[in-house]
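Presented below is the structure to which this report refers.
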Amino acid sequence: MSALELISLVTQALFIGLFLVVLRDAVRNRTRAAVDTTLLFGSVAAVVAVARLSPILFGQPPAWFASLLLLLLTLAPYAMLRLVDDFSGTPRFVLAVGGAVYVAIAALGFALPAQSQLHQLAIIAWFLAVGGYAAIAFDRARRRTRGITRRRMRAIVVGAGLFVGAIVVLLADAMTGERTIALQVLAQVAGLGAVMAFFLGFAPPSWVRRAWREPDLRAFLESSVHLVSVGDDHLAVSQLQHAVAAAAGADGASIGVADPQESVIRYASQTGEWLTYPDDAFIAGAAYTQQRRVIAVDAAAVDPEHAQTYATTNARTVIAAPVTRDGRRIGVLAVYADRAPIFIEEDLWLIELFADHVAVLLEARDLARQAGLLEAREEAARLKEEFLSAAAHDLRTPLTVVLGQAELLERRVASDPSRPVDAAGVARLANEARRLRDLVSEMLDAQRLEQGGIIMDRRLADLRDVVEAIGLRHGDDAAAVEVRAPADPVPASVDMTRIQQVIDNLIENALKYGPGAARPELSVWAADGEARMAVIDHGVGIPEAEQDRIFERFYRASNAQGITDTGMGLGLYICRRIVEEHGGRIWMEPTPGGGSTFQVSLPLEPVRDDVESPADQPSWTPSGGAEAMVDA
């Protein structure tokens, strides 16, 4: 046996083996694409089988035998034309013309003498025209696909080109009658390459499938694993749907989350809303209720009740699989496209894999949500304990003073009613009562701000007046506040009482935690379209590790607790909420040399004639933001 005969034998054996593989798949899947694929390789396998069996059956082949072989061989381009229609669509008249030409060539083969050059020329033209058209159409379909389907289509394009080339070369060599060795070698090598490429395209081995799937699966995992931490359920499911569609090479995907108690499934819509349907609605609902994968090549025909929905979403073909985890029904995954999948077995495998991964992600999100709720409950319990402890401590101190002073006054009145009133004792009573009032007001403010129950009476005001009024109130203190304000008005729409409450709280903190240090500074200025105020102290400062938490409810810095044991950690929280209600922001920066600088930024309003600062305001303009404030 020569090398050329060996190549021919291997090629023929591979074509027969490929036919048997695609025949098995056609029996399993029973799609039109599977049937047409079987028709393509069945025609070639029939030529090989008939040619090999003819010496046994006939001895000397009859005259019509060659015409029969050519009839079977010319069926291959027509099967390729049908595959083009399966993969990407072909105008009906093209299929009709192709069928008519095939019949004409078949009739011509039996009408003309054996091995007629006219018949052979017609077959060559048939292969070049129809086979070439199919190869080009396969390539166009390849460009519209992704992932493993794209790689398989590339192999089919190569196989189609080599197959057509091999047949044309063999027929051309037969027409010359010289049987050129070079052309025969070229044809046999092209035929061997064609069948190997067809194997990779239509029946790739498992190791090839794994290698081709791996990049898409890795991309899907990388794009979806972070969705466990996405806070919004609708956003997470929407992004997961996009990841599935991209990895599957489909037009879109839909993930339904089941609520078994109410027998409904919620789907994430493109408008940002959840759409709720009965759990048996749509093809996806059938997959969920029956707990099996469902393939609907023509979705509207399978589920006419929702045909309009399929038409709106361009979902001509739908593949759905249930999403389950350890026997628990979590939901359903559906992938849809405007055409039937080219390789349905690949899509089924991917959809089931994606469904398993979706189940893991949804379960992980549910576990994370439960862990978050548990952590929130623990945090709420901790805050409640801290609040009760702080409130009991802070309220007990003034109550003890009030009760002790009241009992003392009671005993004095009882012993000597005519005795003069103890003015110092009464003053102490009043001070501690006011302290009680402030503590209760602070707690009520925190609650109302948390629940959005405080209504701001915002009016246009000059913030210079705010800081000047606060400076005057603290003017008699031993550590008076140093006030700095610019010459020009700093207008803002504010609730004067609440903004003064913010600045008063910051000033009181500066005095409380900076005893003996330099005087606190209060400044106001306009910069970058914002009205800004700052309170600068030179006290103990705030540890760097705790600076991000000082505006939290009930939080007190660790070094502050060593200076005074009063305070519930609500002051800065209230300041932050009031400023945010004004559309502003508040933050803290360390003061160079020690201490803290608290800045408040509010939207700056246009200067109007009815908002002017007093004529005797001190003239001062900051040279640049917070740095100018700190360096002053």
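Observations
- Computed lengthening from L20 to E378, 0.36 nm per intervening residue step minus Cα-Cα distance: 122.4 nm
- For D139 and A406, the difference between the fully extended length at 0.36 nm per residue and the C-alpha to C-alpha distance is 86.4 nm.
- A protection proxy built from the mean count of other Cβ atoms within 10 Å ranks the segments 331-339, 357-365, 211-219, 182-190, most packed first, as 331-339, 357-365, 182-190, 211-219.
- Pair V189, S116: separation of 7 Å Cα→Cβ label points (nm): 3.6 nm
- Gain upon complete extension [D233, Q291; 0.36 nm per residue less C-alpha separation]: 18.5 nm
- At R0 = 45 Å, FRET efficiency that the Cβ-Cβ distance of Q370 and A13 yields, to 0.05: 0.15
All of the numbers you see were taken from the coordinates with simple rules; none came from a lab. Since the model is a prediction, treat every value here as computed from it, not as a measurement. With ideal geometry, Cβ positions are generated from the backbone for all residues, glycine too; neighbour counts draw on all protein chains shown.
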